[in-house]
Amino acid sequence: MPKHRVISMDKDQSAKETHEAGADTGTAFSMFTHPEKTVPNIFRSKKPFLIAGPCSAESEEQVLETARALALIPGIIGMRAGCWKPRTRPNAFEGHGEKALGWLRMAAKETGLMVCTEVANAAHAEQALKAGIDMVWIGARSTVNPFSVQEISEALRGSSIPVMVKNPVNPDLSLWIGAVERLQNSGVSQIAAIHRGFSTYGKSQYRNAPEWAIPIEFRRQKPEIPLICDPSHIAGKRSLISHIAQKALDLDYAGLMIESHPEPDEALSDPRQQLKPEDLAILLKELHYSCSMDEKSGFREMLDLLRNKIDTLDRQLLETLAERMEVVSEIAAMKKQIGMSVLQMDRWSGIFETRTENGLQLGLSEDLIRRLIELVHLESIALQEKIIRGKS
Ligand code: PEP
Ligand code: MN
């Protein structure tokens, strides 16, 4: 009987099977069929949770050939392939739809990989459930639309299928969190978020700017949702993928989703960002995977000590800043009394020069000093204006 399997990666990156869950009953993993019980999040079942596969499912042969190659790569748990493709311009390849779901099932049955595809509306979600697809994701163009997310959430209500939510195309954290919450409200319990970068107008080295601060804030606000990085759609080109994947691992992401195609240059969508499975295997092998703190117990205490020091220093920084603002208030009161303007350009130029010099002597970067001083200065001008002119 075919089984879904989750492959674990040892520290030497060799694959071993650690978990077999459920018979070939489509979406019904035995461990996820009791929604009343709190079940561990499947996206944390192996770290990193690795998903790879072509941008689009192009033919039965392409799907099976890719699946066979990916199943041999240590650590890969899932295979992705788009069956419905959201294309920016019309007349581009838009996917094979329902027919392609069957190819994915065949791939899952033969290799044991968990297969996943994008769903953009309720009909897609229903067809994916019916076809026994193991996991689905909501694409960046759908996350921007609460109506689409809501209808997909309703369609998935009562199923136990794991769902990944890509960040919206625009850098809007609330929209991303909102999409996750719509799924949570529909009782979907196996949820992960995918960071695929944000659209910008004009030139950038990335196809979609990573804006790392947004996924970091996502994690702060939704710590229960594992975060997966999609370096392929951030990069837009092969050469940048490993650098982005490494950065995600360094930031302790739960997993990676990387596009892989047997003949990338011939791909019907996203040809420049897909890797041959053999190149993907090399990339994954060369990445540095951080170990968990439990494995390095000796370092735990040292780290705690240093973190305590940072906490104290940050406190001191804030106290100094508050003290500085009090002095600014006194100055403002004096300026008000004698009718002096808020800004004296020569004083500001002097501050900027001396602080830059002091900071450089202390080994700080010029960029940091300038940004910091500008920020503090702007705040002090605002406070003085408030005191002198009564502005808020
Ligand atoms: C994809 O994963 O192929 C895709 C279309 O991604 P995104 O929604 O991130 O653009
Ligand atoms: Mn793609």
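Things to note:
- On Cα atoms only, tilt of 122-131 relative to the major axis of the chain in degrees: 40 degrees
- Charged neighbours of Q184, selected by a Cβ distance under 12 Å, balance to +1 (K, R count +1; D, E count -1).
- Accessible surface of the range 261-301 [probe 1.4 Å, protein heavy atoms]: carbon and sulfur percent: 51 percent
- Farthest toward the positive end of the dipole of the chain, out of G350, Q221, G78, is the Cα of G350, where the dipole comes from beta carbon charges about the Cα centre.
- Here r is the Cβ-Cβ distance between R324 and A213 and R0 is 35 Å; the resulting FRET efficiency, rounded to 0.05, is 0.85.
- Ordering A267, Q127, L375 by Cα displacement along the dipole of the chain toward the positive end leaves L375 in first place; charges were set at the Cβ atoms of Lys, Arg (+1) and Asp, Glu (-1).
- In the structure shown, the pairs K237/K285; K99/K247; K130/K247 are assessed against 30 Å; a Cα-Cα span above that value is assigned to K99/K247; K130/K247.
- For W348, the solvent-accessible surface with a 1.4 Å probe is about 40 Å², rounded to the nearest 10.
- Residue-count net charge about W84 - beta-carbon cut-off 15 Å; Lys, Arg +1, Asp, Glu -1: 0
- DSSP bridge analysis restricted to the chain gives an antiparallel fraction near 20%, rounded to the nearest 5.
- Per-pair calculated FRET efficiency, R0 = 41 Å: L343 and D250 via Cβ, rounded to 0.05: 0.45
- Among 85-95, 107-117, 65-75, the peptide with the highest mean count of other Cβ atoms within 10 Å heads the list, and the full ranking is 107-117, 65-75, 85-95.
- If R0 is 35 Å, the Cβ-Cβ spacing of N308 and T356 corresponds to a FRET efficiency of close to 0.70.
- E374 versus D279: modelled label distance in nm, points set 7 Å from Cα along the beta carbon direction: 3.8 nm
- Around I138: net Lys/Arg minus Asp/Glu count, Cβ-Cβ under 12 Å: +2
- Contour minus Cα-Cα distance for E366 and A123 (0.36 nm per residue): 82.0 nm
- A crude spin-label estimate for the pair I331 and F93, with each label 7 Å from Cα along the Cβ direction, gives 6.3 nm.
- Here's how it looks for I194: its modeled amide H is under 5 Å from those of V165, K166, N167, I228, which are all 5 or more places away or on a different chain.
- Extension gain for C291-Q184 works out to 35.5 nm (0.36 nm per residue, less the C-alpha to C-alpha distance).
- Angle in degrees between helix 277-286 and the longest Cα principal axis of the chain, rounded to the nearest 10: 40 degrees
The values are calculated or read from the model by the stated rules, or taken from the named source; none is laboratory data. A quick note: this is a predicted structure, and the numbers were derived from the prediction, not measured. Using ideal geometry, Cβ is built from the backbone for each residue, glycine included, and neighbour counts are taken over all protein chains shown. Ligands, DNA and RNA are stripped out before the accessible areas are found, and what is left, the full protein with its side chains, is counted by its heavy atoms. Shrake-Rupley method; radii C 1.70, N 1.55, O 1.52, S 1.80 Å.
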